[in-house]
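The values are calculated or read from the model by the stated rules, or taken from the named source; none is laboratory data. Since the structure is predicted, the reported quantities are computational estimates derived from the model, not experimental observations. Reconstructed Cβ throughout: ideal geometry from the backbone, glycine too, with neighbour counts over all protein chains shown. Just so you know, the surface numbers come from the protein's heavy atoms only, side chains and all, with ligands and any DNA or RNA stripped out. Shrake-Rupley method; radii C 1.70, N 1.55, O 1.52, S 1.80 Å.
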Amino acid sequence: MIEKEGGKEAAEGGSLRAADTKEMRAVVLSAFGGLNKLRVSKRAMPEPQDGELKIRVKACGLNFIDLMVRQGNIDNPPKTPLVPGFECSGIVEALGDSVKGFEIGDRVMAFVNYNAWAEVVCTPVEFVYKIPDDMSFSEAAAFPMNFVTAYMMLFEVANLREGMSVLVHSAGGGVGQAVAQLCSTIPNVTVFGTASSFKHEAIKDSVTHLFDRNADYVQEVKRISTDGVDIVLDCLCGENTGKGLSLLKPLGTYILYGSSNMVTGETKSFFSFAKSWWQVEKVNPIKLYEENKVIAGFSLLNLLFKQNRGGLIKIVMDKLLNLYNDKKIKPVVDSLWALEEVKEAMQRIHDRGNIGKLILDVEKAPTPLMANDSTETSEAGEEEEDHEGDNENKERMPFIQ
């Protein structure tokens, strides 16, 4: 079911009025909160400004940061209503003034500062990249955020080299799988990963040592490598910050790039947020100095949209596309969802059920069983706090492998 803003209805005979021809479908977040704040609505179609490309969207990526945005659990969130989403793929439909290097009809993938979950987006040319001929639109929508984040952390921040070891949490997720693939391009890199046990069979070949996310992974890692690891990539935060620092070898690097432990229910929970921060051990600079350890943070969206490092990201994307063309890396797509199924897709991320990236396929028709629920039902488990166990029984509906 598609809700049209302002109560507009199609003209008699099923055709849209002339005034509606400049409209498009988009996922709209009406207010910060649970899944019931999301609607598929009609929005005014954007037109490219100077230096921008207009893209007819084919697929959009879903990321954990989108859950945090929906809850308002980020610094300086924009005002609602808003269209979420930070990455997409599609076809160039129009060029703004001064745009060079692209033509109408080009297949592209792009970063977007919000507004990606729509049929049409406009974004500056510096955030747009051409898609290789043999890459699908769904793969392209799964590529930028995951692989750029993984590459920047491993090679730009932590300086990954031959013979090093890496611990990555959420190894079955999009970034986790990108990390594993990039590590395989360097000789003799040992990858330790944590993931829910029901994912182990599917991802066991992508990492060297795989542990249950609820196990005492610190002792498991030290049992295999008494000195610990060279790099820790932490998207969890909370108590895992101290654990990660404790596992670092001298000259090792800990990188925080997310805080998924702060998202435990469907809506923002001050208790969960406070509990997670309370578990973060205080970092003593003198202790870092004495132990020769490095602690760092990484936010790709801030790097792109607040710190103006689009040129650096373009260089990284060129390297990643070369690796893709050489068949050394390939995005892992968990499942495809219609725009009207965005609630169910988000629930799957909440339940930690995905292996790889969830994709909104703009041209996909919603599954009939979900069609009536896609914009009207309230979310299940809004007060749910338990994400510690496995989630074999939490999947809501079938999905496409």
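Structure above, values below:
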| quantity | calculated |
| --- | --- |
| Pair list, Cβ < 6 Å and 6+ apart or interchain, from segment 223-237 residues that are among the polar types (S, T, N, Q) to residues that are crowded, with 24+ Cβ neighbours inside 10 Å | none |
| Residue match in segment 146-163 (condition: under 18 Å from the mean Cα position of the chain (by Cα) and under 22 Å from Asp351 (Cα atoms)) | yes |
| Spans of helices (runs of 4 or more DSSP H) in segment 154-265 with at least 1 residues modelled with pLDDT under 95 and closer than 27 Å to Glu291 by Cα | 217-224, 239-247 |
| Residue match in segment 103-122 (condition: under 14 Å from Gly61 (Cβ atoms), among the acidic types (Asp, Glu) and out of contact with any helix residue (DSSP H, G or I) (no Cβ under 6 Å at 6 or more places or on another chain)) | no |
| Gly311 being at pLDDT 95 or above and under 27 Å from Val148 (Cα atoms) | yes |
| First in segment 315-341 and in the same structural domain as Val57 (by the TED database) and without any contact (Cβ under 8 Å) to a residue 12 or more places away in the chain, second anywhere and outside any helix (DSSP H, G or I) and surrounded by fewer than 23 Cβ atoms within 10 Å (Cβ to Cβ), Cβ under 9 Å, 6 or more apart | none |
| Leading residue by the ranking (farthest from the chain's Cα centre (by Cα)) among those in segment 330-360 that are of a type in the set (Asp, Glu) and within 26 Å of Lys42 (Cα to Cα) | Glu340 |
| Selection within segment 281-326 - in a helix (DSSP H, G or I), aliphatic (A, V, I, L, M) and more than 19 Å from the chain's Cα centre (by Cα) | Ile286, Leu288, Leu312, Ile315, Leu323 |
| Looking only at segment 51-96, and only at residues there that are in a strand (DSSP E or B) and of a type in the set (Lys, Arg), the one that is nearest to Asp133 (Cα to Cα) | Lys58 |
| Enumeration of residues in segment 342-368 that are charged (D, E, K, R), on the phi < 0 side of the Ramachandran plot and in contact (Cβ under 8 Å) with a residue 40 or more places away in the chain | Lys343, Glu344, Arg348, Asp351, Lys357, Asp361, Glu363 |
| Segment 134-148 - residue that is more than 25 Å from Leu210 (Cα to Cα) and not small (Gly, Ala, Ser) and, of those, surrounded by the fewest Cβ atoms within 10 Å (Cβ to Cβ) | Asp134 |
| Candidates Tyr114, Tyr151 - the one that is under 27 Å from Leu82 (Cβ atoms) and either open to solvent by 10 Å² or more (accessible area, probe 1.4 Å) or assigned to a loop (DSSP other than H, G, I, E, B) (or both) | Tyr114 |
| Answer from Leu95, Leu160, Leu167 - the residue that is assigned by the TED database to the domain that holds Leu300 and touching a Phe, Trp or Tyr at 6+ places or on another chain (Cβ under 7 Å) | Leu167 |
| Candidates Ile55, Ile91 - the one that is over 17 Å from the mean Cα position of the chain (by Cα), within 29 Å of Asn354 (Cα to Cα), surrounded by 21 or more Cβ atoms within 10 Å (Cβ to Cβ) and β-branched (Val, Ile, Thr) | Ile55 |
| Matching residues in segment 334-352 - criterion: being buried (at least 23 other Cβ atoms within 10 Å of the Cβ) and under 23 Å from Leu182 (Cα atoms) | Asp334, Ser335 |
| Every residue from segment 23-48 that is open to solvent by 40 Å² or more (accessible area, probe 1.4 Å) and hydrophobic (A, V, I, L, M, F, W, C) | Phe32, Ala44 |
